[in-house]
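Below is one structure, written out as structure tokens, with a few remarks after it.
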Amino acid sequence: MKNIDIRTEAANAGVKLWQIAERLGINDGNFSRKLRQELSSEEKAIIRAIIADLKGVSE
């Protein structure tokens with residue numbers, strides 16, 4: 001499975017993939033398809049920042 005690090009970080013933070021997609025301004029189905037290919041380090045950094053932000057909101 002590709003992008004397991006992002007998937008695991010989101011799950012551990014209690015953040016759903018649809019929440020990340022919403023922040024990115026894309027459909028959750030499109031985000032899931034995007035995760036099928038390994039993301040660049042720049043894309044992962046953006047997503048990690050979103051996860052951290054969403055985690056902070058839920059705490």
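When both residues are 6+ apart or on different chains and their Cβ atoms are under 6 Å apart, which pairs have a first residue that lies in the stretch 1-30 and is among the small types (G, A, S), and a second that is loosely packed, with under 12 Cβ neighbours inside 10 Å and outside any helix (DSSP H, G or I)?
Between residues of the stretch 1-30 that are among the small types (G, A, S) and residues that are loosely packed, with under 12 Cβ neighbours inside 10 Å and outside any helix (DSSP H, G or I), there is no close pair.
Taking the stretch 13-52 on its own, how many of its residues are assigned to a helix (DSSP H, G or I), more than 11 Å from the chain's Cα centre (by Cα) and either surrounded by 15 or more Cβ atoms within 10 Å (Cβ to Cβ) or not polar (S, T, N, Q) (or both)? Spell out the reasoning first.
Restricting attention to the stretch 13-52, the residues satisfying the condition of being assigned to a helix (DSSP H, G or I) are 13, 17-24, 28-34, 41-52.
Within this subset, residues satisfying the condition of being more than 11 Å from the chain's Cα centre (by Cα) are 29-30, 33, 41-42.
Then keep just the ones that are either surrounded by 15 or more Cβ atoms within 10 Å (Cβ to Cβ) or not polar (S, T, N, Q) (or both); that gives 29, 33, 42.
Residues meeting the conditions: 3.
No value in this document is a laboratory result; all are computed from the given coordinates. The structure presented is a predicted model; accordingly, all values stated were derived computationally and were not measured. Ideal geometry is used to build each Cβ from the backbone, glycine not excepted, and the neighbour counts take in all protein chains shown.
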